[in-house]
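The values are calculated or read from the model by the stated rules, or taken from the named source; none is laboratory data. Since the structure is predicted, the reported quantities are computational estimates derived from the model, not experimental observations. Counting neighbours? That spans all protein chains shown, and the Cβs are built from the backbone with ideal geometry, glycine included. Heavy atoms of the whole protein, side chains included, go into the accessibility calculation; ligands, DNA and RNA do not. Shrake-Rupley method; radii C 1.70, N 1.55, O 1.52, S 1.80 Å.
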Amino acid sequence: METAETQIQKVENGSIITPKGFLAGGIHVGLHVSKKDLGILVSTTPASAAAVYTQNHFLAAPIKVTQNSIQEENKLQAIIVNSSNANACTGEQGLKDAYEMRNLTAKRLYIKEHFVAVASTGVIGQHLQMDKVTKGIEEVDYNSSLSGAKAFQEAILTTDTFIKGSCYQFEIEGKTVTIAGAAKGSGMIHPNMATMLGFITTDANVPSSLLQDALKEITDVTFNQITVDGDTSTNDMVVVMANGLAGHSLLSKDHADWNTFKEGLKLVCEDLAKQIARDGEGATKLIEVNVKGARTKKDANVIAKKIVGSSLVKTAVFGTDANWGRIVAAIGYSDAEVNPEGIEVYMGPYLMFKNGIPVPFSEEEVKSYLENEHIVITVLLTNGNEEGKAWGCDLTYDYVKINASYRT
């Protein structure tokens, strides 16, 4: 029997503009010393929009502007993004500058102001150099080429070491549908969401209300299940634009292909989340935690994120130390319901702890496993049938070096 997952194909050379009707570009305007620092993403037609935002109480100015834009008609046609400056904790002037970015972009594209979303990332508490931003918005080239997509992806980065993207395709009513995404994130990552920006495009025909429900549900098990350092940024945001140009009928929850669309969206979000976790500042390894047998989905997710967020677990992985006790401790101080006498803990294929006591294992073999770039920790509970995952990275000397001098 064909499932939603078997219908979906990864597009290896896909990009944020692979879905029909999307254009992108990026430029260096001087907010950063040398790298591209202003990006633009455009749909040729107004698109259904959905977004999720940081849970930090100090909302950055661009988030307030984007919220205002989407509230008008639940549609977007463009996103303007700058890096190197978060425009957060910048008062009335910062809000004025964010609205000016929206206004300038709308004029450049000859579209309604509220069809423009604004995003910023970088240093907190500094005002934007609006002369440079204004000039950049006037000059940035946006197109349907791979170079345009790459320029956009480069322009949104801060301390990231590589660009992050994902693209999948499937069919709805015989029409090819594409979902793609680009993201940035490396430090201050502990979403509900992180210094994390995610931009997702699709040519699927989806009403904004349904798109919002799907994004929120999927964010909870993807972007909100990654952590680098326990810090939640002022600027976190994930925005989805669905312009409908694939040509199928409007999706609904009763549509035969609704679950396929949701699975495609989840795959893009999970890909981006894992890339962000792997690119944690100074990181050398991606850590994946799988929890099975929990009483509730929430319990499984809480335990997984507690383990991957533990500084002691992260440093043990960095040091290739088979210290299962740190994993057990993280399980124990989570808020989830657990039975201490009914837990199994694995590092890769190696069972290390069962039924409340350690299990003999080869230190050399586990140490060798921990030298891999992708480390999987599995926890089996006996409380129920629910599962959860979380992703993070090791904690290295370089993380301290990078963040000790972030502003200087």
Here, Lys135 and Thr320, labelled 7 Å along Cα→Cβ, have an inter-label distance in nm of 5.0
Scattering profile of the chain from the Debye formula, Cα beads only, expressed as log10 I(q)/I(0) at q = 0.08, 0.10 Å⁻¹, is -0.43, -0.67
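Using a Förster radius of 41 Å, what is the FRET efficiency between Leu312 and Glu92 based on their Cβ-Cβ separation? Nearest 0.05, please. Display every interim value, and only then the final one.
Working: r = 43 Å, r/R0 = 1.05.
My answer for the efficiency is 0.45.
Loop only by DSSP, 12 or fewer other Cβ within 10 Å of the Cβ. Give me the chymotrypsin sites (Phe, Trp or Tyr not before Pro) in region 132-184 that pass, ordered by residue number.
Values: sites: Tyr142, Phe152, Phe162, Tyr168, Phe170; in loops: Tyr142, Phe162.
Answer by residue number: Phe162.
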As straight-line cross-link partners of Lys20, the qualifying lysines (C-alpha separation under 18 Å, not fewer than 8 residues apart within one chain) are Lys10, Lys75, Lys150, Lys175
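Using a 1.4 angstrom probe on the protein heavy atoms only, could you order His127, His114 from most to least accessible area? Display every interim value, and only then the final one.
Details: His127 100, His114 35 Å².
Ranked from most to least accessible, the order is His127, His114.
If region 246-404 were replaced by its equivalent ellipsoid, with semi-axes equal to the square roots of 5 times the Cα gyration tensor eigenvalues, what would those be, largest first, whole Å?
On the way: eigenvalues 187, 98, 35 Å².
Listed largest to smallest, the semi-axes of region 246-404 are 31, 22, 13 Å.
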Region 291-377 accessible area per residue, 1.4 Å probe, protein heavy atoms, integer Å², reads 48
With region 38-110 reduced to its Cα atoms and the Debye formula applied, log10 I(q)/I(0) at q = 0.14, 0.26 1/Å amounts to -0.44, -1.43
Full extension between Lys401 and Asn143 adds, at 0.36 nm per residue less the Cα distance, a length in nm of 89.1 nm
In whole µm²/s, the translational diffusion coefficient that Stokes-Einstein assigns to region 68-200, given a Kirkwood hydrodynamic radius over C-alpha pairs, 4 °C and 1.567 mPa s, equals 80
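Pop out the carbon and sulfur fraction of the accessible area of the chain as a percent, whole number, probe 1.4 Å.
Values: 8120 of 16690 Å².
With neighbouring chains kept in place, the figure for the chain is 49 percent.
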Taking the chain and counting helices only, DSSP H stretches of n ≥ 4 at -39,500 (n - 2.57) each over all residues, the nearest-500 ellipticity at 222 nm comes to -10000 deg cm²/dmol
Listed by chain and number, the lysines with an alpha carbon less than 25 angstrom from that of Lys298, same-chain partners under 8 positions apart left out, are Lys216, Lys253, Lys262, Lys266, Lys274, Lys306, Lys314, Lys354, Lys389
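I'd like the chymotrypsin sites (Phe, Trp or Tyr not before Pro) in region 44-108 restricted to DSSP loop residues with at most 13 other Cβ atoms within 10 Å, sorted by number. Could the numbers behind the result be given before it?
On the way: sites: Tyr53, Phe58, Tyr99; in loops: Phe58.
Here the sparse-neighbourhood loop sites are Phe58.
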Counting only DSSP beta bridges with both partners in the chain, the antiparallel fraction in percent, to the nearest 5, comes to 75
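So in region 9-129, what percent of DSSP beta bridges are antiparallel if you round to the nearest 5?
On the way: 14 of 20 bridges.
Here the share of antiparallel DSSP bridges comes out near 70 percent.
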Membrane-span-like helices (DSSP H runs, Cα span along own axis at least 24 Å, mean Kyte-Doolittle at least 0.5) in the chain -> none
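With loop defined by DSSP as not H, G, I, E or B, and exposure as at most 16 other Cβ atoms within 10 Å, which is the longest segment of the chain clear of exposed trypsin sites (Lys or Arg not before Pro)? Show your work: numbers first, answer last.
Values: sites that count: Lys35, Lys112, Lys253, Arg407.
In short, 254-406.
For region 328-408, state which chymotrypsin sites (Phe, Trp or Tyr not before Pro) are in a DSSP loop and have at most 15 other beta carbons lying within 10 Å of their beta carbon. Write down the numbers at each step before the final one.
On the way: sites: Tyr333, Tyr346, Tyr350, Phe353, Phe361, Tyr369, Trp391, Tyr397, Tyr399, Tyr406; in loops: Tyr333, Phe361, Tyr406.
Qualifying residues, ordered by number: Tyr333, Tyr406.
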